[in-house]
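Novice: Structure in structure tokens, see below.
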Amino acid sequence: MHIEHQKKNPIIHPSAWVDSNAVIRGEVIVEEEVYISSGAVIIAEGAPIHIKRGTIIMKNVVLKSSGGKTISYPLLIEEHTLIGPYAYLIGCTIERKCFLAAGAKVYNKAYIGEQSIIGINGVVHIDTNLKAKTIVPTLHMAFGDPAKIYPPDDTGKIAKETESLNFLDTLFQVKDKSKDLKYVDALEQYRHMLFEHKSDDITGNLSSKSIDKW
């Protein structure tokens, strides 16, 4: 399904293949020979998404960008990358020839260097920088710049790293408020962004035979 958001439409190269029940919304560019499988949801919310040549997006993947008045987190996926089923990516950069296995998650401001591998249900947290050819094993979590990678049973260090992320400050820029006000302000910002979809316009279906002009 092809949906206009904030007066911006997806641009799909004629050689790309998009399953008929994938959803592509807003300022999304899909380059040559990209494959987007069934159930994929690709939503540009206030910042662009760019999927480069030869990339494969598997079933039920969620790809998002996000942005507002003072923030912008575009999503860039470079050439010849594979995003496995049920992966979730938002506002990050994935360099060329990466492999993200099923259920991988990569969050805002993260950077994945080329030829890196994120294992099944691996997590790369906000503002994390993985150098080229890094492997995040199955169920492991990566934090920081340079990245530190923790196994799932290292709960103490994971808790400390998670607390140090300052999630609301980083993503919603609410640094000068109390903890309760930060949460309320962040929630209101997010609600405002989501409600902008009320004016979205469904303009057609996307498939290998029905695509937008390049």
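Novice: In what order do 99, 195 fall by count of nearby beta-carbon atoms within 10 Å, going from fewest to most?
Specialist: If I rank by nearby Cβ atoms, fewest first, I get 195, 99.
Novice: While we're looking at this one, here's another question. With a cut-off of 8 Å between alpha carbons and a minimum separation of six or more residues, what is the relative contact order of the chain in percent? List each step's numbers first, then the result.
Specialist: Values: 620 pairs, mean separation 36.8, N = 214.
Value for the chain: 17 percent.
Novice: Name the most mobile residue of 165, 89, 63, meaning the one with the largest mean-square fluctuation, in a Gaussian network model of the chain with Cα contacts below 10 Å.
Specialist: 165
Novice: Counting DSSP beta bridges in the chain, what percent are antiparallel, to the nearest 5?
Specialist: About 20 percent, rounded to the nearest 5.
Novice: Right, something else. How would you rank 171, 187, going from fewest to most other Cβ atoms within 10 Å of each one's own Cβ?
Specialist: Ranking 171, 187 by Cβ neighbours within 10 Å, fewest first, gives 187, 171.
Novice: Grab the other residues whose beta carbon is less than 15 angstrom from that of residue 148, score K and R as +1, D and E as -1, and report the net.
Specialist: -2
Novice: Let me ask something additional. When ranked by the protection proxy of mean other Cβ atoms within 10 Å per residue, highest first, what sequence do the peptides 79-86, 24-31 form?
Specialist: Put in order of decreasing packing, that is 24-31, 79-86.
Novice: At 222 nm, what helix-only mean residue ellipticity would the chain give, in deg cm²/dmol to the nearest 500, using -39500 (n - 2.57) for each DSSP H run of four or more?
Specialist: Numbers: 3 runs with 33 residues, N = 214.
The per-residue figure over the chain is -4500 deg cm²/dmol.
Novice: Could I have the simple spin-label model distance between residue 135 and residue 1, label points 7 Å from Cα toward Cβ, reported in nm to one decimal?
Specialist: Inter-label distance under the simple model: 4.0 nm.
Novice: Additional query: Just to check I understand the Karplus step: with θ = phi - 60° and J = 6.51 cos²θ - 1.76 cosθ + 1.60, what whole-Hz values come out for segment 96-105, glycine and proline as x?
Specialist: 5, 6, 8, 10, 10, 6, 3, x, 5, 9
Novice: Another one. Please give, to one decimal in nm, the separation of the simple spin-label points placed at residue 99 and residue 201, each 7 Å out from Cα toward the Cβ.
Specialist: 4.4 nm
Novice: Please give the FRET efficiency for residue 192 paired with residue 32, using the beta carbon to beta carbon distance and R0 = 30 Å, rounded to the nearest 0.05.
Specialist: Here the calculated transfer efficiency is 0.25.
Novice: Right, next: Whole angstrom only: what separates the Cα centroid of segment 11-29 from the Cα centroid of segment 32-81?
Specialist: Centre-to-centre distance over Cα atoms comes out at 10 Å.
Novice: Sticking with this structure for a sec: Remind me, relative contact order of segment 83-151 in percent, using alpha carbon pairs under 8 angstrom and six or more residues apart?
Specialist: Computed value for segment 83-151: 25 percent relative contact order.
Novice: Another question, if that's okay. Ranking 141, 1 by Cβ neighbours within 10 Å, fewest first, what do you get?
Specialist: 1, 141
Novice: Given R₀ = 25 Å, FRET efficiency for residue 155-residue 184 by Cβ-Cβ distance, to 0.05?
Specialist: In this case the efficiency is close to 0.30.
Novice: Classify segment 1-83 as rounded, prolate or oblate from the Cα gyration tensor: take a ≥ b ≥ c as the square roots of its eigenvalues, call it rounded if a/c is under 1.5, otherwise prolate when a/b beats b/c and oblate if not.
Specialist: prolate
Novice: Does segment 2-204 come out rounded, prolate or oblate by the C-alpha gyration tensor, with a ≥ b ≥ c the root eigenvalues, rounded set by a/c under 1.5 and, if not, prolate when a/b is larger than b/c and oblate if not?
Specialist: Taking the square roots of the gyration eigenvalues as a ≥ b ≥ c, segment 2-204 is oblate.
Here, each number is a calculation from the coordinates, and none is a lab measurement. Computed from a predicted structure; not experimentally measured. All Cβ positions, even for glycine, are placed from backbone atoms using ideal geometry, and neighbour counts span all protein chains on display.
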